[in-house]
1. Return one number: the angle in degrees, 0 to 90 and rounded to the nearest 10, between the long axis of the Cα atoms of helix B:88-97 and the longest principal axis of the Cα atoms of chain B.
2. Holding the Cα-Cα limit at 24 Å, pick out from B:K171/B:K196; A:K213/A:K251; A:K428/B:K275; B:K360/B:K418; B:K122/B:K199; A:K203/A:K230 the pairs that are longer than that.
3. Give the interface area between chains B and A as buried accessible surface, both sides summed, probe 1.4 Å, in Å² to the nearest 100.
4. Can you give the FRET efficiency to the nearest 0.05 for A:H430 and A:D401, using r as the Cβ-Cβ distance and R₀ = 41 Å?
5. Shielding of A:370-379 by partners, i.e. mean partner chain Cβ atoms within 10 Å per residue?
6. Expressed as an acute angle from 0 to 90° and rounded to the nearest 10, what is the orientation of the C-alpha long axis of helix A:378-390 relative to the principal long axis of chain A?
7. Considering only C-alpha atoms, what is the centroid distance from the stretch A:118-133 to the stretch B:109-149, in Å?
8. Taking every eigenvalue of the Cα gyration tensor of chain B, multiplying by 5 and rooting it, what semi-axes result, largest first, whole Å?
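The values are calculated or read from the model by the stated rules, or taken from the named source; none is laboratory data. All of these numbers come straight from a predicted model, not from anything done at the bench. In this analysis, Cβ positions are derived from the backbone assuming ideal geometry, glycine residues included, and neighbour counts consider all displayed protein chains. SASA here: full protein model, heavy atoms, side chains in, ligands and nucleic acids out. Shrake-Rupley method; radii C 1.70, N 1.55, O 1.52, S 1.80 Å.
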Number of protein chains: 2
Amino acid sequence: MPDRQLIRPKLPGGFRDFPPDDFARRQWALERAVEVYHSFGFKPLDTSSVEHFETLAGGDETSKQIYRLFNQTPDYTGESLALRFDLTVSLARMLAANRRAFTFPFKRYQIGEVWRGERQQKGRFKQFLQMDADIVGTASPAADAEIILLVDRTMKALGVEKFSIKLNNRKVLNGFIRSLGIDAEEVDAFLRILDKLDKVGWKGVQDRLAAPKSTSEEMERGAEGMGMDKSAIDRVERFINLSAGNYEKVKVLRDTLKGWETAAEGLEEIETILKLIDAAGLSPGCTLSFEPSVARGLGYYTGPVYETFIDDLPDLGSVMSGGRYDNLVERFSSEAIAATGVSLGVDRLMVGLAELGQAKTADYVSEVLVVGMGSEFQADAFRIASTLREAGVRAEVFLGDSLKLKKQMSYADRTGVKFCAIIGSEEKSHGTAQLKNMSSGVQREIALDKISAAVKGD
Amino acid sequence: MPDRQLIRPKLPGGFRDFPPDDFARRQWALERAVEVYHSFGFKPLDTSSVEHFETLAGGDETSKQIYRLFNQTPDYTGESLALRFDLTVSLARMLAANRRAFTFPFKRYQIGEVWRGERQQKGRFKQFLQMDADIVGTASPAADAEIILLVDRTMKALGVEKFSIKLNNRKVLNGFIRSLGIDAEEVDAFLRILDKLDKVGWKGVQDRLAAPKSTSEEMERGAEGMGMDKSAIDRVERFINLSAGNYEKVKVLRDTLKGWETAAEGLEEIETILKLIDAAGLSPGCTLSFEPSVARGLGYYTGPVYETFIDDLPDLGSVMSGGRYDNLVERFSSEAIAATGVSLGVDRLMVGLAELGQAKTADYVSEVLVVGMGSEFQADAFRIASTLREAGVRAEVFLGDSLKLKKQMSYADRTGVKFCAIIGSEEKSHGTAQLKNMSSGVQREIALDKISAAVKGD
């Protein structure tokens, strides 16, 4: 159709493809994680990518990022459709709709695309893959311990040699904040300041805590102050800099926060988690530390929270984060369901593995290309390839328009095929092929029924 | 938040979830297919779900079904985003954008969700999974033969005992139509009538062919006539009822269509395909037949076309269909890329396998639940489960709020766990567990380090 205008073959900004090499690298990582998740008894499921807008929208900033859908079918009802922006809302919606269909504690993982129409920026995508594992229907800290073990085993399976899991409990943090005499409506401001510890250091945090209380206008501009006195600030410093073993930290904070019920409950949970993890054991490369200052999200979490850092990549940020959120179904049901879970940041992980030189790849490369020396041997090539596949070998025949030997060998080179089995008239009369090892270059004549063993054993 | 209104946890019409059981059944089928695709050297890739609307829209009826996206981010440009409705447009866009990045012939498969805002009807979904395999960058009929072998091996791997692949070539059909003296602008009308053969039978087709030529108004209403005379209709009857072996049919049609270049070319391709498939061999349950009347889509295909039917389910329709479409990149580039490929209808296949009683399931069920007799044995349960996982056993501990034995055994029953390893104070002092086979009910005391062998070997 030469008179039709050509369309520019371009993706919209913030979206991307995964060509075979990128796909194979990501797939390698996902498969390693999936094996670990299965070993713990997590079951995979899938949910619709499309939900009612009302199911997703919380009325906050994220609602503006949600992609809404419309089309022009005759029965288009104006029904308000939208693409999910995470996997948790779908899980909650599914459970709330039919909780009797599930056996609790329910352990599921889900790998799925999510969409967020964020402001465009380098390294951020508007569609990305999430991998979530959650344990639903139990408030037991044993479930939190299980998730941390899952994180440890996953990082190990991914070949990360040294990594750190930081554990805290929002109950401990909340108890501490209350012990400082901070008003309920100022808790979020305090946490936002604390959250900047990694970025601005203790000096920066200290200045903010000491600065006069912000007007709401100042807060809009992100300039917050708490108006705290020196003794309170000293308490904060001691709290976040608490340097001791994990159990010792629990003990110290039990004393410091005596009388604050929630904190005591949180410390009890931390201790249980530590003991169960000790029983199961962590990988040699893993450091688990109880860090009372970790806040991890402001409103969402209700109990233990955890973050995972690759030691050699301190600027990467957490690659597996999560925590307990006992408010899972609150949008849908007045009857609560307790839950705890972790999200693997697939994109960030892939960046990290690449930087570590750890980005292995799922192996889809063909083991043998059966090469007929011209079209009169094409049927032979089909027959031999078929026999090899029956024997469990990934085998190809060359399917190009021209069957020149040079073209076929160049295809083998470029696609990384491990062996070529070459058939000409001499080989055909002998019932053999020339088997060429493409990495060593060594070639030898071999009986057809010996090829699969040679390829597998070589 | 008791004062907040609860949202109804409901999916929009035409969308659905895949809870663990459904997911495991679908996953079983996809994994069998993927194994076959890998054995043929097809490489997986992934493309963005979101494209520019212009990339997708062809101005026809399907354009109305395309879901368009918008959101409310500050940098929303009004860029026209939309969800893909198949996987082929994305493949074409990717290849057209950067064909030098690929080695041809390029064999890729893709499993991905697609979205179509169709009129709502029973058994039809607005989001569904497609699995496509294509060979790009070759016009050789060897590639079509390879796809048909792929179909055969896939159906066999899925456990379908008897199935039929119908093969035709659009060039043969087009040549025949031209030989009837039908005008170019009437070809589509003729094919639409022929396409109804399965539904209305030969009598119905015959009536339509004989009916006076339709006005465009009549065609709008779907009432088409061709105004053909008896001798032409007789030729059509002989053409579609041609009863002979595949090679014999080629021979008969070579005579019948003598002088029609395109038809001769198409018959040559069919013969090559048949010979290559004969060399490789088909599964015992497969019948491959050359069916000159198969049209398979009106404008799209340019060469060989194929459809796959499960013999015991004649009403199901084709579960793997495809063909050659050498116009792959024509929307994007004036330089053509030849392609041939097949699409597996995942939903239809799952219906078919279920009806055949062939719907197997991917096995994610845990092999062992380690049961501590009360909370004082929870750490032991964590330790033992961890050791079992190291040994490659899918092992769980119970993570509920109460650790009553009854609760734990009920969880094991409901989730289908194969064994329970029960630890109480006696077992702990012996360094053993009570290993209960949940299907036979047999229970025996066993040393902890013997559990994994017992579970694997039992």
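1. Computed tilt is about 80 degrees.
2. Numbers: B:K171/B:K196 20 Å; A:K213/A:K251 33 Å; A:K428/B:K275 18 Å; B:K360/B:K418 18 Å; B:K122/B:K199 20 Å; A:K203/A:K230 13 Å.
Violating the 24 Å Cα-Cα cut-off are A:K213/A:K251.
3. Details: alone 24410 and 24390 Å², together 39520 Å².
The summed interface area works out to 9300 Å².
4. Details: r = 29 Å, r/R0 = 0.71.
In this case the efficiency is close to 0.90.
5. Details: counts 0, 0, 1, 0, 0, 3, 0, 0, 7, 9.
That works out to 2 on average.
6. With both axes taken from Cα atoms, the answer is about 40 degrees.
7. 27 Å
8. Details: eigenvalues 578, 154, 94 Å².
They are 54, 28, 22 Å, listed largest first.
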